[in-house]
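Take a look at the structure below.
The values are calculated or read from the model by the stated rules, or taken from the named source; none is laboratory data. Because the structure is predicted, anything quoted here is derived from the model rather than measured. Positions of Cβ are generated from backbone atoms using ideal geometry, with glycine treated the same way; all protein chains shown enter the neighbour counts. Quick note on the areas: whole protein, heavy atoms, side chains included, nothing else; ligands and nucleic acids left out. Shrake-Rupley method; radii C 1.70, N 1.55, O 1.52, S 1.80 Å.
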Amino acid sequence: MGVEGIGARVARKEDKRFLMGQGRYTDDMSVPGMRYAAFVRSPHAHAKIKSIDTSAAEDMPGVVAVLNGKQMLDDGIGNLICGWMIHSKDGSPMKMGAWRPIAHETVRYVGDAVAVVVADTLGEARDAAEAVVVDYDVLPAVTSAVKALEAGQPQLHPEAPGNLIYDWQIGDADATDAAIAAAAHVTEMTIVNNRLAPNPMEPRAALGIYDSAEDHYTCYTTSQNPHVARLVMSAFYNVAPENKLRVIAPDVGGGFGSKIFIYPEEIVCLWASKRSGVPVKWTSDRTEAFLTDAHGRDHVSTVKMAFDANNRITALKVDTIANFGAYMSLFSSSVPTYLYATLLSGQYNIPAIHANVRAVYTNTATVDAYRGAGRPEATYLVERTVETAARELGVSPAELRRSNFIRSFPHQTPVIMNYDAGDYEASLEAAMKAADWNGFPARKAEAANRGMKRGIGMSCYIEACGIAPSAAVGSLGAGVGLWESAEVRVNAVGTIEVLTGSHSHGQGHETTFAQLVAERFGVPIDSVSIVHGDTDKVQMGMGTYGSRSGAVGMSAIVKALDKVEAKAKKIAAHLMEADESDIVIENGALKVAGTDKTVPWFQMALAAYTAHNLPAGMEPGLKEGAFYDPANFTFPAGCYIAEVEVDPETGKTKIIQFVAADDFGNIINPMIVEGQVHGGIAQGIGQAMLEGVHYDPETGQLLTASYMDYTMPRADDLPSFNVSHQNTPCPNNPLGIKGCGEAGAIGSPPALINAITDAIGNNDLSMPATPQKVWAAARAAAN
Amino acid sequence: MYATNYHRASSIADAVTLQSSSDEAKYVSGGMTLIPTMKQRLAAPSDLVDLRHVGELKGISVNGSRVRIGAGTTHAEVATSAELKAACPAICHLASHIGDPHVRHMGTIGGSIANNDPAADYPSAMLALGATIVTNAREILADDFFTGLFETALEDGEIVVAVTFDAPAKAGYAKFPNPASRYAMTGVFVAKASDGSARVAVTGAGSDGVFRHAGLEQALSANWSADATAGVDVDASNLLSDIHGSADYRANLVKVMAKRAVAAA
Ligand SMILES: Cc1cc2nc3c(=O)[nH]c(=O)nc-3n(C[C@H](O)[C@H](O)[C@H](O)COP(=O)(O)OP(=O)(O)OC[C@H]3O[C@@H](n4cnc5c(N)ncnc54)[C@H](O)[C@@H]3O)c2cc1C
């Protein structure tokens, strides 16, 4: 490895502009004539719109236009869709209710848009939005998915009777039931996975610019996948055909999944720009973000895990109810099905698994992928259950896991996935050693002397990244393929531009992708630029989520680099009158192996563009593109250990140590990987101990609509993390990468809850384990 | 934020004149409560009268045992004042745990008590220290000043000029922060006067705002020790319940924080 190549801790190239406040985000974009949008939003969780009176608003200072959903319908703007078809177990397709970008008949959650004001200033737009008078006929609301399935509850969409979107299953029910009936021991639990608000630092924003001369639209937006945004807005929402629509996602300040989806606001900005004749910008404020960004998780599950007399797991049966909110967000349907139930085997050899999943409408914000997307829910369920089983069986939690580990690969689980490589024992060993697991009893006794309750807990997670072979996801209902594209352009002076369909919004692609090129051609990374996020520059791409940019995005770059290398070698061989197969690339030069003949990289590039002396029949130039379709998912895995101390008087939990031992396959930049793990664990700690979206169950009002009530993790909530890697290369992609973006958020919550429940001696504790809940549970255990 | 007019007052008299010349004017000190409220469009004063440049509101002084803190003194100034540390370190400790450094360098003691947020820290100190709130018109005992949630005895246009109190023989403050806002979920200020009598005030927990706890005061007046709180009954029926803490949980916190406040005193 060179100092800038694969495996080097290269400082992030992009950080200079971010740290100096020179990032260029959507809200920083300003164009001549631009005006501001403010949305009128429903204050009710469920209501019929009787009338909308915009006359007073239209007369307010600075107002350009006040637009409503009926006009949008008349202009042919389509419904928002969910792009992954799931069929219920009876064979019927999922039941998708209509989602209008601006509601004109019914509002279904607090925050549903009912009108938009365009005005000269943001203040004027907001003033006028308050002057829009909407007459509502308020209807009863339901916020809990479990309750929404009961008889007599408010009904959200006529298309989905009983609020049921689908009733889906996977695995072998009969085999699972038979194994449970024959089991020596069955552990049963009810497991709630709490609803989270994604909270990227940069809120969502959109700038719609309609050019009437060209009949062309430009949309700046906070997107993790601008090409998917263009595709969907073009193909389904009838905003404009793809050749008339340019989508740019410039610097984006975090997404965590919430910026995958196409929301009403960007569609409205584009449409309103055409209708009102001015560019229209909207930027969410923080409370709007809490109200309208797609939330994550929100599952209620029951589980049965069966064991034989030797404590081997024989079956797992899961029944999950997933809250989808008021509408089906873009990929919502895939999250509690193929991203969740397919991971229920965990790291264990489980002969029979059956999962049933019901997806349910409620009067709440939409729910879709959020860092980990389905895999945190699966991991939490499996790892809480295994831990509970160990307690019930009176065996060590490490031993119970160890004796059930999958040890030979490839391994076919009963729930679709084929694990390609891994060494679960290695991570378990490394984590236990790093945490000084064996020294815990002494530390517990010492803490007890101080009146503190100390606990330790682990979690052995597996996840699936690099989503995914297009044909496979297509057969499972995906509306898109999940390949990635890349183009490598070598300029005449030898500098290199890499165009990628991946999108960086915190991941550091400008650094890691450049390291890949530096490694291959021995050029300095400063001579490599990464271009992404603009549909006019990059032809097509599927974007960044599901930890796919390394495993899929970089694999596409590797394919394009292969082609560039082949042509560069041909040119160099021609220039040096050598055989192509004798050319090697070293330290920025092309050499004839075993001789002192050499052509510097830039000279080869210049030769490609002067075209004065190229091999016969070769096209001038040096630019190659590639599409890469993965052969399989990748399977990062690891073991996390949390050690905590609970103050029984207040229920306050302090994390004493947090150990992460991960297998991510090969690593391009260890510093960036560690950063991803740190951030992921911080979010996992958030889910386990701090964060939770609360709606008032009667009125459907969002009670956690600001940081006064929604507990974001802060630096002093977190310990220093002890991170290590036990990597087994992924056999299915050229770089052997598995992915690291979500593992921290996936693996950590069960480790923490296992530790806290161990400390207080009460297994009945739900996330987030706030001081009040821990205090109550500790007290219940003591009494 | 709605449009508003900004005025900078140079003296208390100037401030009163500016405030009274428009019907919806409000004083602004640190702006750490008022400005966020305006940004959320929950407050819409037509005029803001800035008190930050009024010299008469500034400064900390200790004369013998009498402590005076000007209303315009920031939390950071209280937290780091050597004079206060000698006279009543508990109030420095309290101020050092309000919000974050930005808030502490902007927010003021006058703004905090005039606002009387039921989860704010200072009101408990004022009640437990038996402080006097000095305004431009009169002196008000803390016992009469805090009248309910975000309610005080201040008349429209009345300015808090300073707070004064006798340095206690001992005092301590223990706060259990709300995990989200870091305001007090329950904060207990205990003070022992030179005559040995104890006053105990609780913030963050009461459904009517800050309050004194008679049972804890009796117990600590009889025996100033952390153990003395153990036998006291804290009735949960007048305490707040919300998503962060039930009334029962807060009742427990009142006892635990009282114990820790005495231990810290
Ligand atoms: C992020 C954050 C965290 C915080 N955390 C805490 C915390 O942990 N604990 C806590 O106690 N507080 C906390 N606060 C509130 C902070 O302490 C405020 O500064 C304080 O409550 C108000 O003081 P101010 O000087 O900023 O008043 P302003 O916001 O300027 O004014 C508040 C109100 O008081 C009135 N007012 C101001 N000065 C006077 C005066 N001299 N006479 C009469 N009326 C006056 C104003 O008209 C207004 O109605 C926090 C605030 C923020 C933003």
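Its relative contact order, with pairs defined as Cα atoms under 8 Å and 6+ residues apart, puts the stretch B:5-50 at 56 percent.
Using the alpha carbons alone, the radius of gyration of the stretch A:635-783 stands to its Kirkwood radius in an Rg to Rh ratio of 1.05. With the gyration tensor restricted to C-alpha atoms of the stretch A:55-158, the semi-axes of the equivalent ellipsoid amount to 34, 18, 11 Å, longest first.
How fast does the stretch A:24-111 diffuse by Stokes-Einstein, in µm²/s, taking the Kirkwood radius from C-alpha pairs at 25 °C and 0.890 mPa s?
149 µm²/s
Once the dipole of chain A is set up with Lys and Arg at +1 and Asp and Glu at -1 on Cβ about the Cα centre, which of A:Thr287, A:Ala341, A:Ser30 lies farthest towards its positive end? Ranked along the dipole, the leading option is A:Ala341. Please give the net charge around A:Gly455, taking every other residue with its beta carbon less than 9 angstrom from that of A:Gly455, where Lys and Arg add +1 and Asp and Glu add -1. Surrounding charge for A:Gly455 is 0. Karplus-derived 3J(HN,Hα) values for the stretch B:28-42, using 6.51 cos²θ - 1.76 cosθ + 1.60 with θ = phi - 60°, are 10, 10, x, x, 6, 9, 5, 5, x, 5, 5, 5, 7, 6, 9 Hz; glycine and proline are entered as x. Translational diffusion coefficient of the stretch A:194-243 at 20 °C, 1.002 mPa s, Stokes-Einstein with Kirkwood Rh over Cα pairs, in µm²/s as a whole number. Result for D is 169 µm²/s. When the alpha carbon gyration tensor of the stretch A:340-475 is reduced to an equivalent ellipsoid, its three semi-axes come out at 32, 21, 14 angstrom, largest first. In chain A, Cα pairs under 8 Å separated by at least six residues give a relative contact order of 16 percent. Taking all protein chains together and rolling a 1.4 Å probe, B:Glu158 ends up with roughly 20 Å² accessible.
Using a probe of 1.4 Å, the accessible surface attributed to A:His678 totals some 70 Å² when neighbouring protein chains are kept in position.
Percent of alpha carbon pairs in the stretch A:553-619 separated by more than 15 Å?
Within the stretch A:553-619, distances greater than 15 Å cover 50 percent of Cα pairs.
Cα extents for the stretch B:78-181 along the principal axes, largest to smallest and rounded to whole angstrom: 34, 31, 21. In order along the stretch A:441-453, the Karplus-derived 3J(HN,Hα) couplings, from 6.51 cos²θ - 1.76 cosθ + 1.60 at θ = phi - 60°, round to x, 5, 5, 5, 5, 4, 5, 4, 4, 8, x, 9, 9 Hz, and Gly and Pro are given as x. If you sort A:Tyr461, A:Tyr220, B:Tyr6 by accessible surface, 1.4 Å probe, largest first, the order is B:Tyr6, A:Tyr220, A:Tyr461. Partners of B:Lys259 within straight-line reach, counting lysines whose Cα lies under 20 Å from its Cα and excluding those fewer than 8 residues away in the same chain: A:Lys453, A:Lys652, B:Lys170, B:Lys175, B:Lys192. Relative intensity of the stretch B:5-50 on a log10 scale, I(q)/I(0) at q = 0.15, 0.24 Å⁻¹, equals -0.34, -0.81, per a Debye sum over C-alpha point scatterers of equal strength in the absence of solvent.
Ellipticity at 222 nm from helices only: DSSP H runs of n ≥ 4 in chain A, each -39500 (n - 2.57), divided by the residue count, give -8000 deg cm²/dmol.
No solvent, one uniform scatterer per C-alpha: report log10 I(q)/I(0) for the stretch A:483-628 via the Debye equation at q = 0.08, 0.10, 0.17, 0.21 1/Å, two decimals. For the stretch A:483-628 at q = 0.08, 0.10, 0.17, 0.21 Å⁻¹, log10 I(q)/I(0) is -0.22, -0.34, -0.88, -1.20. Heavy-atom accessible area with a 1.4 Å probe sorts B:Phe145, A:Phe602, largest first, into A:Phe602, B:Phe145.
Taking all Cα pairs closer than 8 Å and separated by 6 or more residues, the relative contact order of the stretch B:170-264 comes to 32 percent.
Could you work out how far the C-alpha centroid of the stretch A:447-501 sits from that of the stretch A:68-107, in angstrom? When both Cα centres are located, 29 Å separates them. Buried accessible surface for the B/A pair, both sides summed and rounded to the nearest 100, is 1900 Å² with a 1.4 Å probe.
Expressed as a whole percent, the accessible area of the protein assembly as shown that falls on carbon and sulfur atoms is 52 (1.4 Å probe). When A:Trp437, A:Trp168 are compared by accessible surface with a 1.4 Å probe, the order from highest to lowest is A:Trp437, A:Trp168.
Could you compute Rg(Cα) / (2.2 N^0.38 Å) for the stretch A:153-309, with N its residue count? Numbers along the way, then the final one.
Working: Rg = 22.5 Å, N = 157, 2.2 N^0.38 = 15.0 Å.
Compactness ratio reported: 1.50.
In the stretch A:634-676, burial by the other protein chains removes 30 Å² or more of accessible area from A:Glu649, A:Thr650, compared with the chain on its own (1.4 Å probe, ligands and nucleic acids ignored). Principal semi-axes of the equivalent ellipsoid, √(5λ) from the alpha carbon gyration tensor of the stretch B:2-161, are 25, 17, 15 Å from largest down. Straight-line cross-link partners of A:Lys89 among the lysines, defined as a Cα under 22 Å from its Cα and at least 8 positions apart when in the same chain: A:Lys147, A:Lys304, A:Lys317.
Applying the Karplus relation 6.51 cos²θ - 1.76 cosθ + 1.60 with θ = phi - 60° to the stretch A:737-754 yields 3J(HN,Hα) values of 8, 9, x, 9, x, 10, 3, x, 6, 7, x, 7, x, x, 4, 5, 5, 4 Hz, where x marks Gly and Pro.
Cα centroid separation, the stretch A:530-552 to the stretch A:727-779: 30 Å. Entry note: the stretch A:359-438 has Rg to Rh equal to 1.06, where both radii use alpha-carbon atoms and Rh is the Kirkwood radius. Computed with a 1.4 Å probe on the full set of protein chains, the accessible area for A:Ile496 sits at about 0 Å². Amide H contacts of A:Asp112 (H built 1.01 Å from N, in plane; Pro and chain starts excluded): A:Ser42 sit under 5 Å, all sequence-distant by 5 or more or on other chains.
Estimated from the Cβ-Cβ distance and a Förster radius of 41 angstrom, the FRET efficiency linking B:Leu141 and B:Thr37 is about 0.90. Ignoring ligands, DNA and RNA, what accessible area per residue does chain B give at 1.4 Å, in Å²? I get 41 Å² per residue for this part. Computed over the alpha-carbon atoms, the protein assembly as shown gives an Rg to Rh ratio of 1.00, Rh here being the Kirkwood radius from the mean inverse distance. Each part reduced to its alpha carbon centroid, the stretch B:182-216 and the stretch A:645-666 end up 34 Å apart.
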